[in-house]
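Step one of this worksheet: look at the structure below.
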Amino acid sequence: MRALLVVLAVAVAAPPANAATAVTAPTKVVKIGKQRVGYRSFGHGRPLVMIMGLGGTMGSWDPTFLDGLAKGGHRIVLLDNEGVGKTTRLRGPLTIRRMGTTTAGLIARLKLKRPDVGGWSMGGMIAQSLVVRHPKLVRRLVLMATAPGDGKGAPPTPDALKVLANPDPLAALGLLFPPDQTAARDAYVADILKRHPFEGVAPVPQALRQSQASGAWLIGSDADGRRVAKLGLRTLIGGGELDPLLPVANQRHLHTIIKHSQLVTYPDASHGFLFQHQAEFLPRMLAFLT
């Protein structure tokens, strides 16, 4: 009898054979105020909203990484930031706060009840802004290769700044993976190309606006950034110790100022540590979100 109950429980929990994945999930659009927001959703379980970084789109996430999160019992919700993909631009200067407002609007529009939120790079800045203004909206937070907004963060290296000033997808790959990690780089590229057509790069003019918004956050001129130390929810912080874009000192500082936070860093990894060390970081993230 017990064995039968176990079999039935697994059958009920298992997703349909034709369930959507990161590669096959359709892009949908919802209206939030004056803005149209493009998003994708797949998987079942507690909602996990994943916010992309500078110059990226929903297609910049490694689908293998996302599917691993979904298999761990999560409904994955992705969105394109303002001015990227199906998400329209608004008037006025782009800010981290405004992108956080878009994310909060999507959470409300989809009626997600206290989702977990993960943000990579600029997406981590957006996630911080979202949570300081809506502390009861999110259950747990994962910050990946991002930076604080209190003006005490470490800036990108000069070489990384050159790439940001003239966005180029090939040069950007050099920021994600160290030179000796070609296998990890090639695996990431092969994975993101599985979705057709490829939509993994934001328009250059909007990427430059994102750079300005991220820079304002990093130097402490965004009011939300100065409130991050007041965060009270459980937070997992991860980074690569060779990151030239947002050096690991940023992750360590965030760990210092955010109560109830955990920190994990990888000595041989860069900005794309979460993909390079997927075998280690994915289980760590899933365990944290349990």
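A few points about this structure:
- Residue list for the range 99-149, restricted to those being closer than 21 Å to Asn250 by Cα, among the hydroxyl-bearing types (Ser, Thr, Tyr) and touching an Asp or Glu at 6+ places or on another chain (Cβ under 7 Å): Ser129
- Flag for Pro205 being closer than 29 Å to Gly85 by Cβ, surrounded by fewer than 18 Cβ atoms within 10 Å (Cβ to Cβ) and not small (Gly, Ala, Ser): yes
- Criterion: of a type outside the set (A, V, I, L, M), farther than 15 Å from Ser121 by Cβ and out of contact with any Cys (no Cβ under 9 Å at 6 or more places or on another chain) - qualifying residue of Gly153, Gly232: Gly232
- Among (1) more than 23 Å from Ile107 (Cβ to Cβ); (2) modelled with pLDDT under 95, the one test that Thr64 misses: (2)
- The listed residues are Gly105, Gly100, Gly124, and the only one of them that is more than 20 Å from Phe273 (Cα to Cα), within 13 Å of the chain's Cα centre (by Cα) and either polar (S, T, N, Q) or at pLDDT 95 or above (or both) turns out to be Gly100.
- Scanning the range 60-76 for residues that are within 12 Å of the chain's Cα centre (by Cα) and of a type outside the set (Asp, Glu) returns Ser60, Trp61, Phe65, Leu66, Ile76.
- Taken as a whole, the condition of being under 23 Å from Glu82 (Cβ atoms), out of contact with any strand residue (DSSP E or B) (no Cβ under 9 Å at 6 or more places or on another chain) and surrounded by 21 or more Cβ atoms within 10 Å (Cβ to Cβ) does not apply to Ile219.
- The one condition in (1) out of contact with any Asp or Glu (no Cβ under 7 Å at 6 or more places or on another chain); (2) buried (at least 17 other Cβ atoms within 10 Å of the Cβ); (3) touching a residue at least 24 places away in the same chain (Cβ under 8 Å) that His271 fails to fulfil: (1)
Residues are listed down the side, and each one gets a yes or a no for (1) over 22 Å from His74 (Cβ atoms); (2) touching a Phe, Trp or Tyr at 6+ places or on another chain (Cβ under 8 Å); (3) of a type in the set (A, V, I, L, M):
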site	(1), (2), (3)
Pro135	no, no, no
Pro155	yes, no, no
Asp159	yes, no, no
Ala165	yes, no, yes
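- Residues located in the range 145-155, provided they are of a type outside the set (Asp, Glu) and either assigned to a helix (DSSP H, G or I) or surrounded by fewer than 24 Cβ atoms within 10 Å (Cβ to Cβ) (or both): Gly151, Lys152, Gly153, Ala154, Pro155
- Residue within the range 91-103 that is in contact with a Leu (Cβ under 8 Å, 6 or more places away or on another chain) and among the hydrophobic types (A, V, I, L, M, F, W, C) present: no
- Number of the condition not met by Ala187 [criteria: (1) assigned to a helix (DSSP H, G or I); (2) at pLDDT below 95; (3) of a type in the set (A, V, I, L, M, F, W, C); (4) more than 16 Å from Pro155 (Cα to Cα)]: (2)
- Test: residue in the range 158-172 that is touching a residue at least 40 places away in the same chain (Cβ under 8 Å) and part of a loop (DSSP other than H, G, I, E, B): yes
- Looking across the range 190-203, the residues that are of a type in the set (A, V, I, L, M) and in a helix (DSSP H, G or I) come down to Ala190, Ile192.
The values are calculated or read from the model by the stated rules, or taken from the named source; none is laboratory data. The structure presented is a predicted model; accordingly, all values stated were derived computationally and were not measured. Glycine also receives a Cβ, built like all others from the backbone with ideal geometry; neighbour counts cover every protein chain displayed.
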